[in-house]
Amino acid sequence: MKNMMRATLCIALLVLAALQISHAAVITNVSVPVNIPVFIPCAAGGTGELVVLSGDLHVLVRFTRSKSGGVHAAAHFQPQGISGVGQTTGEKYQATGVTQDEFNARIGVEETFVNNFRIIGQASGNNFLIHEDFHITINANGRVTAFVDNFSVDCR
C-alpha cells in the first residue's frame with residue numbers, strides 16, 4: 001500500500017511539472033474502492049487468519065508551485081468504511097487510520113511520510129497496527145542531511 005501511495009504522488013508530481021502549474025491546486029479528491037487481503041498474525045488465538053478488507057479509500061492530492069520555483073505536494077489517504085471478516089474465525093474487522101505524505105523542493109528536497117494503519121478486531125489481542133514515520137532532507141549539493149525511518153508492526 002505504501003508503494004502505491006508513493007507512486008500516485010510521483011505520477012501527480014510529474015504531470016504537474018509538465019503542465020507548469022503556478023498556483024495551488026487539488027489534483028485528486030476521490031474515493032477509491034479497495035479489496036485487499038491482509039494476514040493478521042495475532043488473530044485466531046495467535047495462529048493468524050486472512051481478512052479480506054473492502055470499502056473506500058479517500059485519496060486527496062494537492063500541489064502548489066510558486067513563481068520562485070518552489071514545489072509543494074501533499075497526499076492524504078484515509079479508509080472510509082473499510083471492513084472485512086476473518087476467514088477462519090468469522091470475526092469482523094474495521095480498518096482505520098490515515099497516511100500523509102508531504103514533499104517540498106526548491107533548492108534541495110524534503111519529504112515527510114507518516115502512516116498509521118490499524119485493523120481492529122472484535123476479540124482481544126487481534127488488533128493489527130502498522131506505523132511508519134519517514135523523513136528525508138537533501139540539501140542543494142545533493143547531500144542527505146537528515147534521514148529517519150521508523151517502522152513498526154504490532155499485535156495487541
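Where a number appears in this text, it was derived from the coordinates with a stated rule and is not lab data. These figures come from a predicted structure and were not determined experimentally. Glycine gets a Cβ as well: all are built from the backbone with ideal geometry, and neighbour counts include every protein chain shown.
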*asked:* Quick check for you: which residues of segment 89-105 have the amide N under 12 Å from the point 7 Å beyond the Cα of HIS131 toward its beta carbon?
replied: none
*Likely footprinting exposure, ILE27, ILE107, ILE138, fewest C-beta neighbours within 10 Å first*: ILE107, ILE138, ILE27
*How would you rank LEU57, LEU129, going from fewest to most other Cβ atoms within 10 Å of each one's own Cβ?*
LEU129, LEU57
*Segment ILE138-ASP154, extension gain: residue separation times 0.36 nm, minus the distance between their alpha carbons*: 2.7 nm
_Please list log₁₀ I(q)/I(0) at q = 0.09, 0.10, 0.12 Å⁻¹ for segment 2-155, using the Debye equation with identical point scatterers on the alpha-carbon positions._
-0.37, -0.45, -0.61
*Evaluate the relative contact order of segment 2-155 (contact order divided by residue number), counting alpha-carbon pairs under 8 angstrom at least 6 apart; express in whole percent.*
16
